[in-house]
């Protein structure tokens, strides 16, 4: 009796495993679905607000205007880099070249990834403090804590204001994400400005933690010194003041790059390496196979560019009205017609208009 | 037909957001104070461990390993710790060790009384069990983002995250160990007229000790597995090296840091198992 029962259970288990294997093998054949012969175009979603907006806008045009099904794939930045090169991703709409110079140079020079031009016109990176630190905020009952704080030079006088709770003898600069180029660049600049004895650096490992830390301090009305960048929803939502730095020059940035790569050790960084971040372009990257199978989409992406101020406006709309990126994209199409019509030929524009009308958008 | 009806919508997300906002507004000074209270011993411990010369730490670990598990483990521990040093990761490892020690001590301090209380009361067990499930499976960042908003980044949220993730095995196994103490041992204790306190200290805890030690051992393992998340929220250590390696596509760097974490885990595991074996149940 016992033998037959265990035989039956063994058979059932084997049947289950075989079924799963067959389902697994059979499933992948159908998943690269095409509609009318047009294969899916995969956009990378590196999980920040502006890329959601860009993906929504580009995705709408590619799908409704050019007729290719679009799929956004959630990835972290390193995964995006690997996938774009391999072809598992077709397009990454925001490659912040300043943060991945080595990778970007390598893949574009070898032709493994196509640089389709800028997606926004200007970005700002730097060290920010909440505006209430400098000007106070009468509504919230916050008195100005550092009224003469204007540039990074002035930081020399305020390490105690931005005190590091884990090392109260020094101040604290919250730096950018571990692994991004700016993390090392901030260390180099701290040395160049002569602030390394006065300030510690705290590196968050993820932008979620960085945003939460900034939000928390801002809501509590506490002083905070942090690296950040624009365009971002956070900079749109909070009142932050950018500290002035000596203007960017190529010679200065060459020194910073040497510090980042380790050619010049941190202790030997000269004051001449202290200058503002270069406005490194944010570009659209595509895998070369996309040019073969959808050259018209690549032509569109080469033209797509949203000026930063307009992108900020869309981000602001998204926050104010608490809507998703898809909805914000429709608002963009309605309000920036001169802009997007330049990117596409007449017939594509007509199809996009039809789709917008179907979605209830008045043009 | 297969989509959930839209008219039944629970705005739970909005309620939670409102709750967190309220907490920040109302509790600001309290959380600042609590953060300071938690931070001081952490910073003190780390500075102490960093101040100790490296060879002293290695000798101390070797001595403990020898005492609990024999010379083979001691030799292995010395070699692997030297290996970590030769990778240039010694300071990182010590910072990680601080976090693991703090998280584990906190976890054990909470787990043993909680486990004992759970063992005594079925009702309490029913209430606490789903809480333990939550602590082990809720993605860390779900509660970490509010924690960072309230406490800022740094060692405090890191120890909290480590504690929340690592304490459930200790609680569960303390509860289990005590409940599994053989009935005849309990009856023997009662026959000799033990008070509940004596029963606990002299009968139940000693007999449950192997299971409790298994729980603590698991707690330490899970504390080490939180190391990368701890680094994401501002606690330096081996996790920072892993993140740097991932962020810059330097796989070797992540691997070296990862191997160091594994080495620490194995050493602590063997030492704590040796410690459990050297205290056989039934004594005292």
*Sorting B:32, B:21 on the 10 Å Cβ count, fewest up front, what's the list?*
B:21, B:32
_Ranking of B:120, B:277 by count of other Cβ atoms within 10 Å, fewest first_ = B:277, B:120
*For chain A, modelled as a GNM with alpha-carbon contacts under 10 angstrom, which of A:14, A:143, A:273 fluctuates the most?*
A:14
*asked:* Give the separation of the Cα centroids, the range A:292-351 to the range A:108-125, in Å.
replied: 18
*Taking the alpha-carbon centroid of each part, what is the distance from the range B:187-250 to the range B:98-135 in angstrom?*
10
*Would you work out the relative contact order for the range B:89-277, in percent, from Cα pairs under 8 angstrom that are 6 or more residues apart?*
28
*Provide the FRET efficiency to the nearest 0.05 for the residue B:23-residue A:291 pair, computing r from the beta carbons and using R0 = 45 Å.*
0.30
*Calculated from DSSP H runs of 4 or more alone, at -39500 (n - 2.57) each and per residue, what is the 222 nm mean residue ellipticity of chain A, nearest 500?*
-14000 deg cm²/dmol
*Run a plain Debye calculation on the range A:124-273 (Cα atoms as equal point scatterers, no solvent) and give log10 I(q)/I(0) at q = 0.15, 0.18 Å⁻¹, rounded to two decimals, same order as the q list.*
-0.77, -1.11
_Antiparallel DSSP beta bridges within the protein assembly as shown, as percent of all bridges there, nearest 5_ = 60
*Pop a pseudo-label 7 angstrom from the Cα along the beta-carbon direction at both residue B:129 and residue A:16 and give the gap in nm to one decimal.*
2.2
*Which three semi-axes in whole Å describe the equivalent ellipsoid of chain A, each the square root of 5 times a Cα gyration tensor eigenvalue, listed largest first?*
42, 29, 23
_To make sure I understand, if each residue's beta carbon is the centre and we count other beta carbons within 10 Å, what order do B:101, A:177 fall in, fewest to most?_
B:101, A:177
*Per the Cauchy relation, a quarter of the hull surface: what is the mean projected area of the convex hull of the alpha carbons in the protein assembly as shown, in nm²?*
38.8
*Structure-based [θ]222 nm, chain B - -39500 (n - 2.57) summed over DSSP H runs of at least 4, per residue, nearest 500*: -27500 deg cm²/dmol
*Across bins of 10 angstrom width beginning at 0, how are the C-alpha pair distances of chain B distributed, in whole percent?*
6, 22, 29, 23, 14, 5, 1
_Please report the spacing between the Cα centers of the range A:142-185 and the range A:203-236 in Å, no decimals._
13
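All of the numbers you see were taken from the coordinates with simple rules; none came from a lab. Computed from a predicted model, the values in this text were never measured in an experiment. Every residue, glycine among them, receives a Cβ derived from its backbone with ideal geometry; neighbour counts consider all protein chains shown.
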